[in-house]
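J.: Before we start, here is the structure in question, set down as structure tokens.
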Amino acid sequence: MKTLSDFLAAYSQVIARREEEAGQRAACHPPIVVSREVGSGGRRIAEMLAQRLGFVLCDKQILDELAERAKLPKDFLAMLDERPAKALELLGASLLRGVSLTPEDYERLLKSGLRALLKLGSVVIVGRGAVFLAEPGKVLRVRVVAPLEIRINNFMTYEHISRDEAAKRIEKVERERAEFLRRYFGKEEATADCFDIAVNTQCLSMEACVELILEAYKKLFPCA
């Protein structure tokens, strides 16, 4: 198995390459972390923020790229997603793939990777408990919410499924996220004081939410 240093080096390489391709300035800017309710549109808002700021969007796609660069099995990095990684699953995968990875290794990898991204800056991190590691005043911490009915309707549209199935999917994902946070951060959800700004997509368009968040970013980091 590659070392944690190899993994963190991969983070730096990915971000450096993306900045070079996008013609970004060498200096990095304070990061943004986005926590979202399932179906609220938070991931799309994070994507739009990254596009507007020229930041790297850190979500599922970047995990695959990091797996390639760090020469780690993709199924292990997929465990960084917001589902609780079980000890038996990790042990079984390790034995099958000939890689030594314990639940403790996974937790260390997850948190070290998130801290590296927060330190590097110029990133928008979606979920994965990053808000619990974000230092107030150095990261813009965003919460995206919407009423359950709106989120169910959104999920129906995104996934092309029935209302009942959408409601079940939302409940399942929310339960998995709560277990993920409880296992690795000791909390089922972040309280209001963990965020600098919250937006509700019930009455605000995603574009309007992005503008509000960008305005908050400018106020918090006027020199960025």
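Residue by residue, here is whether (1) modelled with pLDDT under 85; (2) in contact with an Asp or Glu (Cβ under 9 Å, 6 or more places away or on another chain); (3) more than 20 Å from MET206 (Cβ to Cβ); (4) aliphatic (A, V, I, L, M) holds:
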position	(1), (2), (3), (4)
PRO30	no, no, yes, no
LYS86	yes, no, yes, no
LEU101	yes, no, yes, yes
LEU109	yes, no, yes, yes
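J.: Right, next: Being within 20 Å of the chain's Cα centre (by Cα), closer than 25 Å to LEU109 by Cβ and aromatic (Phe, Trp, Tyr) is the requirement here; does PHE132 meet it?
T.: So PHE132 fits the description; yes.
J.: What's the number of the condition GLY137 fails, among (1) modelled with pLDDT of 60 or more; (2) more than 25 Å from ILE213 (Cα to Cα)?
T.: Status for GLY137: all satisfied but (2).
J.: Collect the residues in the range 35-56 that are crowded, with 21+ Cβ neighbours inside 10 Å and either among the charged types (D, E, K, R) or at pLDDT below 90 (or both), keeping them in residue-number order.
T.: ARG36, GLU37, VAL56
The values are calculated or read from the model by the stated rules, or taken from the named source; none is laboratory data. Remember, it's a predicted structure, so these values are computed and weren't measured experimentally. Backbone-built Cβ (ideal geometry, glycine too); neighbour counts: all protein chains shown.
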